[in-house]
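Trainee: The structure's right below; bear with me while I get my questions together.
The values are calculated or read from the model by the stated rules, or taken from the named source; none is laboratory data. The structure displayed is predicted, hence computed values, not measured ones. Reconstructed Cβ throughout: ideal geometry from the backbone, glycine too, with neighbour counts over all protein chains shown.
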Ligand code: GLN
């Protein structure tokens, strides 16, 4: 049976507001297409497994980021290598920030990131909280929920994931949300993100299968429930 090795980064420290749902969604949508999924976890201090096919990471408090920062710097070159080899990854909020160059807290403490994304994040004076709708050329309308104080600025040549229609996204000013490098997607959106955004989930799945087993035409899934959830989420007040 074809097997996909799906790795969750720092599930104890970086995994809030339902981010675990992203891993579950990838697992179920792969299983529905007949793949076996091996779930792996990477914890601080452990050896990093390079033989992984798909990587997911979630958000966390500033204190969670502090706990994993040394380990992330240690495994950064391995993650960069996998990213360059087109391995799909999804990083939400706290880990999205640390996939950039750094996150500087409101108090001025700097947590270094691994620079896969060309972006920098500065802790702001207030939290940006609420439902978000963004538009993306590659993934259509993206629906999610944000809760962060970090304000992220993309370098001019860093692609965003999309443009916000409702909500703040990267910084509440330039209209961008998230970032994309090859098959690595970063986003502020919890919710969880993937259960409500099957197009994005299937992009990650398709790229994962393609890399390991060659071109694939994904069998469609009945996403009626998702469509209902999306339209309710979109109609919710900010
Ligand atoms: N600590 C970061 C911030 O508030 C990340 C928050 C999160 O991951 N939800 O910007």
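Trainee: Quickly run through the stretch 191-238 and pick out the residues that are under 25 Å from residue 153 (Cα atoms), at pLDDT 95 or above and not in a helix (DSSP H, G or I).
Mentor: Across the stretch 191-238, the qualifying residue is only 197.
Trainee: So is residue 53 modelled with pLDDT of 95 or more, within 14 Å of residue 8 (Cβ to Cβ) and surrounded by 15 or more Cβ atoms within 10 Å (Cβ to Cβ) or not?
Mentor: yes
Trainee: Right, here's the next one. Run residue 208 past the list (1) in contact (Cβ under 8 Å) with a residue 24 or more places away in the chain; (2) within 12 Å of the ligand (Cβ to nearest atom) and report the number of the one that doesn't hold.
Mentor: (2)
Yes/no per residue for (1) over 16 Å from the mean Cα position of the chain (by Cα); (2) surrounded by fewer than 22 Cβ atoms within 10 Å (Cβ to Cβ); (3) more than 18 Å from residue 222 (Cα to Cα); (4) modelled with pLDDT of 95 or more:
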residue: 9; (1), (2), (3), (4): no, no, yes, yes
residue: 16; (1), (2), (3), (4): no, yes, yes, no
residue: 34; (1), (2), (3), (4): yes, yes, no, yes
residue: 38; (1), (2), (3), (4): yes, yes, yes, yes
residue: 45; (1), (2), (3), (4): yes, yes, yes, yes
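Trainee: Okay, next question. Where in the stretch 58-166 are there strands (runs of 3 or more DSSP E), lying fully within it, with 2 or more residues that are without any contact (Cβ under 8 Å) to a residue 12 or more places away in the chain and either out of contact with any helix residue (DSSP H, G or I) (no Cβ under 7 Å at 6 or more places or on another chain) or within 16 Å of the ligand (Cβ to nearest atom) (or both)?
Mentor: Fully inside the stretch 58-166 and qualifying: nothing.
Trainee: Please determine whether any residue of the stretch 137-147 is modelled with pLDDT of 95 or more, loosely packed, with under 15 Cβ neighbours inside 10 Å and farther than 24 Å from residue 197 by Cα.
Mentor: So far as the stretch 137-147 goes, no, none of its residues is modelled with pLDDT of 95 or more, loosely packed, with under 15 Cβ neighbours inside 10 Å and farther than 24 Å from residue 197 by Cα.
Trainee: Looking at the stretch 167-190 only, could you name the residues that are in a loop (DSSP other than H, G, I, E, B), away from the ligand (no atom under 16 Å from the Cβ) and buried (at least 21 other Cβ atoms within 10 Å of the Cβ)?
Mentor: From the stretch 167-190, those in a loop (DSSP other than H, G, I, E, B) are 167-175, 178, 182-183, 188-189; that's our starting set.
Keeping just the survivors that are away from the ligand (no atom under 16 Å from the Cβ) gives 174-175, 182-183.
Listed by number, the list holds a single entry, 183.
Trainee: A further question follows. With the requirement that a residue be over 12 Å from the mean Cα position of the chain (by Cα) and surrounded by 18 or more Cβ atoms within 10 Å (Cβ to Cβ), what does the stretch 198-212 give you?
Mentor: Within the stretch 198-212, 198, 202, 203, 205, 207, 208, 209 qualify.
Trainee: A follow-up question, please. Filter the stretch 18-32 down to residues that are touching a strand residue (DSSP E or B) at 6+ places or on another chain (Cβ under 8 Å) and within 21 Å of residue 218 (Cβ to Cβ) and give me whichever is nearest to the ligand (Cβ to nearest atom).
Mentor: Step by step, filter the stretch 18-32, then rank; the result is 22.
Trainee: OK, next. Go through the stretch 35-57 and give me each residue that's touching a residue at least 40 places away in the same chain (Cβ under 8 Å), out of contact with any helix residue (DSSP H, G or I) (no Cβ under 6 Å at 6 or more places or on another chain) and assigned to a loop (DSSP other than H, G, I, E, B).
Mentor: 35, 49, 51, 52
Trainee: Looking at (1) within 17 Å of the chain's Cα centre (by Cα); (2) buried (at least 19 other Cβ atoms within 10 Å of the Cβ), find the lone condition where residue 20 falls short.
Mentor: (2)
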